[in-house]
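In what follows, a single structure is set out as structure tokens and then discussed.
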Amino acid sequence: MRDLKKNKTDDGHSSYNLNMDKLKLLSQLTLEEKAALLSGVSNWDTTPIKRLGIPAIKMADGPTGVRKESIPGKFLAPSLKATCFPLPVTQASTWNPDLIKRMAGTLALEAIDQGIDTLLGPGVNIKRSPLGGRNFEYFSEDPLVSATIGAAFVEGLQSKGVGASLKHFALNNQEYRRMTISSEVSMRAMREIYLAPFEHIVKVAKPLTVMASYNKINGVQVTENKWLLNDLLRKEWGYDGLVISDWGATVNRVTGIEAGLDLEMPTSNGLNDRLIIDAVKQGLLSETIVDTAVGHVLKYVNQSLSFKKLRKGSGYDDELGHQMAKQVAIEGAVLLKNTNQMLPLRLNQTIAVIGSMASKPRYQGSGSSQVNPHHLVSFIDALDNSGIKYEYAPGYGTSERFKRQEACRIAKGKDAVLLFIGLPEEYESEGFDRAHINLPLAHIKLLNALKKVNAAIVVILSLGAPVSMMFADSVPAILNMYLAGEAFGEAVFDLVYGVSNPSGKLAETFPKKLNDVGSFGHFKMGPHQVVYRDEIYVGYRHYDKSKKDVLFPFGHGLSYTNFRYRDLIVENNFATKKEVNVKIEITNVGPMEGAEVAQIYITEMRPSVDRAVQDLKAFKKVFLMPGETKTLEFKLDEKAFRYFDQHRDEWAITTGDFKILVGSSSRDIRVSDVVYIEGQTSKQEPKNIKELPTVEEVASINVPYRRHTIDAAATIGDIKKVSLNGFLIYHAIRFGATLLVPKNIDRATKRMVRQSAIMMPIRQVALVSNGKVSHKGVDGLILIIKGKLFKGLQVLLEDIKTQKRFKDKITQYPLEQ
């Protein structure tokens, strides 16, 4: 058999006929070529068919900056230099979709400069728990914020000629066992919370690709979930783009194609191509279904090439990119507290700068989105460039006691102490979840020591997710920079000294303690299931329903100026136009120009079904000069009042009074009014639905693996204790993963690689073997783990020989193109 994976990835764009009839092109493709088109040719490229002029389309990670490998195919090779924009957690806290659209357009220009056609982002998974290790790469706990900012990102990328990849579809809300765990969730929670951002972005922004996630949903692998990928995504939502797998998420390739998974990424070195071909020849898979998937790939190639017509000019100005990163960092910073106008500082005030994060900033996350920045600027760099005098001490690190003493010495007598603390990179990353929401003990000890010598402390936070702050009442000011990208230092400087006015708002709640969180007690779980018992009560919806005090509420963010809300006008046109129109007048009554985010919440006053206390339904950011007034207008359509009736499998609106709440945060409502909404009577009869598994059922399912229950879904970590062979294989793989990591790599990446290796399902051995082992070889490995050493070795060695013969045959008889 001939293998198209041996082709070089020259783009060959000039020879591809954009107007060629798809059916004609399909008729010219051999079955082998069709199968090859449904898998990548490498880690980042689709398969080219030079014989027909079909080029490879190039992809790269990129929600915060282009991450293109400097040495293609080399594991953890440094990426090319690129602008590191603030992370999605910071992007969302701008509450400014227009800005994020411009930022994504700038990001697209650098992607074009580096020859990238599609960037893998945005990620719009809901932040179910602050423990999520990858929360920094997602936008919000709220579906509307996630949807609005995510759609702006997609539109910005694609307006400049670079495709987006909407991910991770869906219910991929934790890193622990993300490749194997089943997210058990009700249909209502899925529809109202977890799928809502995807639905909006698919319908409004039309991303070129949607990325199917690793996990299962209610027991069905996402990459094989026909209801999700076909019935919902394509038929109900009308998506006509390309569905791709997350990298290595494919389990059963044939079942996946039947379910609607078009493109497998990355390459499986021809392994799954052969499964497709064999299934078609044996009558187990219709070639018509294969043609449908191939058609989606060809359309994606066409769209990617058509996008090139949108591209203007040449070259990328990294200084302009840096200024855009700075603007987003400034607007995304959240002033959490500012007692007695501690901020902004005056230029003549004496300051002590404490904390190594001031000189070595934590500015981005760890994992696949990590960027090699063009111009990283620390706060110390910014101070040096300004000429302002200061004293600096790292405060923590090695010899911590001595460093605390040094920090306290220079803090004495200063007008202000700027304390830089937060979460080190090894605390949060792709590949593992956080164990708690505490700041490092060394940071807290430093803060407590400083408070004894100087009360004028400004805490400047660098982190990707909420933390507990028992110190919050004892310091006058807290500025949360989140993960601010390469312009971190300049953004902090402008905010601290009042060059810019903070306008960010939290897109997630900061709880007082971990056990206040709605998912507490049933986050992570495993080894087989995680049950979403919090239902629709995620984030502020939970804290409101349970009447819990929080540290800082959803939507909170202070300014150096003040805003007045008045003259709320609500026009109820629901009976005739299915909409309610809201107008609110906002005035800047303070001394400084600034921006406010007006937030519209809706609450049903006497709900006949279980409803959240309030739901965010609209928001707008408005910029005002001192004394300036603007009137903001909102249109609330029927989607704002509906809920999902899972017993009838339809959206529904109840009849009754709804309160329209307008405020500066979810717990700072300024004005309100009431409208009467006439609902609708369903014609559907209610039906019984499958309830979430009981505690007893989960306990019977979530039992650790034993020797006789080990299967291909068991992780490398699971095999450690089941047998001596499993123990040896576990340590061999863990050691091998360690050898792959370059010595100069950061600690967070080292931990991510170790954890990813441990959480890798056994079936992934076939993928990472680079074609040396197939699924049959994995079966042999499982037999060895179960104690059947000789039989397992026989199966494994026979498979290795078979794969070698296959590769030798390809080398001897390559396909001419």
Self-check item: Sole residue being part of a loop (DSSP other than H, G, I, E, B), in contact with a helix residue (DSSP H, G or I) (Cβ under 8 Å, 6 or more places away or on another chain) and buried (at least 22 other Cβ atoms within 10 Å of the Cβ), chosen from Ala507, Ala491
Solution: Ala507
Practice problem: Consider only pairs whose beta carbons are under 8 Å apart and that are at least six residues apart or on different chains; among these, list those whose first residue lies in the range 48-73 and is within 15 Å of Ile116 (Cα to Cα) and whose second residue is among the basic types (Lys, Arg). | Solution: Ala60/Arg67; Ala60/Lys68; Asp61/Arg67
Exercise. Being in contact (Cβ under 8 Å) with a residue 40 or more places away in the chain and surrounded by fewer than 18 Cβ atoms within 10 Å (Cβ to Cβ) narrows it down to one of Leu99, Leu76, so name that one.
Key: Leu76
Quiz prompt | helices (runs of 4 or more DSSP H) contained entirely in the range 264-357, each with at least 2 residues that are farther than 24 Å from Gly241 by Cα and in contact (Cβ under 8 Å) with a residue 12 or more places away in the chain | solution = 271-281, 318-332
Self-check item: strands (runs of 3 or more DSSP E) wholly inside the range 564-633 that include at least 2 residues being in contact with a Ser or Thr (Cβ under 6 Å, 6 or more places away or on another chain)
Solution: 579-588, 594-604
Quiz item: Within the range 360-399, restricting attention to residues that are closer than 16 Å to Tyr482 by Cβ and touching a Leu at 6+ places or on another chain (Cβ under 9 Å), which residue is surrounded by the most Cβ atoms within 10 Å (Cβ to Cβ)?
Solution: Tyr363
Practice problem: Take Ile784 and decide whether it is at pLDDT 95 or above, surrounded by 17 or more Cβ atoms within 10 Å (Cβ to Cβ) and not acidic (Asp, Glu). | Solution: yes
Quiz item: Is there a residue in the range 352-359 that is over 30 Å from Ala56 (Cα atoms), touching a Ser or Thr at 6+ places or on another chain (Cβ under 8 Å), crowded, with 18+ Cβ neighbours inside 10 Å and among the aliphatic types (A, V, I, L, M)?
Solution: yes
Quiz item: Inside the range 521-545, can you point out the residues that are farther than 24 Å from Ser93 by Cβ and either of a type in the set (Gly, Ala, Ser) or in contact with a helix residue (DSSP H, G or I) (Cβ under 8 Å, 6 or more places away or on another chain) (or both)?
Solution: Gly521, Met525, Gly526, Pro527, His528, Gln529, Val531, Tyr532, Glu535
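Yes or no, residue by residue, for (1) farther than 27 Å from Asn338 by Cβ; (2) surrounded by 24 or more Cβ atoms within 10 Å (Cβ to Cβ); (3) touching a residue at least 12 places away in the same chain (Cβ under 8 Å):
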residue	(1), (2), (3)
Glu406	yes, no, yes
Ala411	no, yes, yes
Val417	no, yes, yes
Phe420	no, yes, yes
Glu426	yes, no, yes
His436	yes, no, yes
Asn454	no, no, yes
Practice problem: Out of the residues in the range 438-452 that are buried (at least 21 other Cβ atoms within 10 Å of the Cβ) and touching a residue at least 40 places away in the same chain (Cβ under 8 Å), state the one that is farthest from Phe523 (Cα to Cα). | Solution: Leu450
Quiz item: Condition test on Lys659, is it farther than 30 Å from Ile733 by Cα and buried (at least 17 other Cβ atoms within 10 Å of the Cβ)?
Solution: no
Quiz prompt | Hits in the range 724-750 (condition: surrounded by 19 or more Cβ atoms within 10 Å (Cβ to Cβ) and over 27 Å from the mean Cα position of the chain (by Cα)) | solution = Asn725, Gly726, Ile729, Tyr730, Ile733
Exercise. Confirm whether Glu604 is assigned by TED's automatic domain parsing to the domain that holds Phe658, charged (D, E, K, R) and surrounded by fewer than 19 Cβ atoms within 10 Å (Cβ to Cβ).
Key: no
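Take the conditions closer than 19 Å to Gly73 by Cα, touching a Lys or Arg at 6+ places or on another chain (Cβ under 9 Å) and in contact (Cβ under 8 Å) with a residue 24 or more places away in the chain and apply them to Ala757. Does it pass? Show your work before the answer.
Details: closer than 19 Å to Gly73 by Cα: yes; touching a Lys or Arg at 6+ places or on another chain (Cβ under 9 Å): yes; in contact (Cβ under 8 Å) with a residue 24 or more places away in the chain: yes.
Criteria met by Ala757.
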Quiz item: Does Gly521 qualify as being within 24 Å of the chain's Cα centre (by Cα) and either surrounded by fewer than 19 Cβ atoms within 10 Å (Cβ to Cβ) or in a helix (DSSP H, G or I) (or both)?
Solution: yes
Quiz item: Residues of the range 455-479 being part of a loop (DSSP other than H, G, I, E, B) and β-branched (Val, Ile, Thr), which ones?
Solution: Val467, Val475
Quiz item: Taking interchain pairs and intrachain pairs at least six residues apart, which have beta carbon atoms under 9 angstrom, with the first residue in the range 667-682 and without any contact (Cβ under 8 Å) to a residue 24 or more places away in the chain and not assigned by TED's automatic domain parsing to the domain that holds Tyr643 and the second assigned to a strand (DSSP E or B) and surrounded by 17 or more Cβ atoms within 10 Å (Cβ to Cβ)?
Solution: none
Quiz item: Are any of the residues in the range 89-105 small (Gly, Ala, Ser) and out of contact with any helix residue (DSSP H, G or I) (no Cβ under 8 Å at 6 or more places or on another chain)?
Solution: no
Quiz item: Is one or more of the residues making up the range 330-338 within 26 Å of Glu426 (Cα to Cα), modelled with pLDDT of 95 or more, of a type in the set (A, V, I, L, M) and in contact with a Lys or Arg (Cβ under 9 Å, 6 or more places away or on another chain)?
Solution: yes
Quiz item: In this structure, does Thr47 turn out to be within 26 Å of Ser368 (Cβ to Cβ), modelled with pLDDT of 90 or more and not assigned by TED's automatic domain parsing to the domain that holds Lys750?
Solution: yes
Exercise. Could you check, for the range 252-266, whether at least one of its residues is surrounded by fewer than 17 Cβ atoms within 10 Å (Cβ to Cβ), basic (Lys, Arg), more than 30 Å from Pro502 (Cβ to Cβ) and under 27 Å from the mean Cα position of the chain (by Cα)?
Key: no
Quiz item: In the range 351-398, which residue that is acidic (Asp, Glu) and more than 33 Å from the chain's Cα centre (by Cα) is nearest to Lys81 (Cα to Cα)?
Solution: Asp384
Self-check item: Residues located in the range 22-47, provided they are without any contact (Cβ under 8 Å) to a residue 24 or more places away in the chain and aliphatic (A, V, I, L, M)
Solution: Leu23
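On the basis of being closer than 15 Å to Leu120 by Cα and touching a helix residue (DSSP H, G or I) at 6+ places or on another chain (Cβ under 7 Å), does Ala164 make the cut? Lay out the reasoning, then the answer.
Values: closer than 15 Å to Leu120 by Cα: yes; touching a helix residue (DSSP H, G or I) at 6+ places or on another chain (Cβ under 7 Å): yes.
Yes.
The values are calculated or read from the model by the stated rules, or taken from the named source; none is laboratory data. Just so we're clear, the structure is a prediction, and the values are computed from it rather than from any experiment. Here the Cβ is made from the backbone with ideal geometry for all residues, glycine too, and neighbour counts use every protein chain on show.
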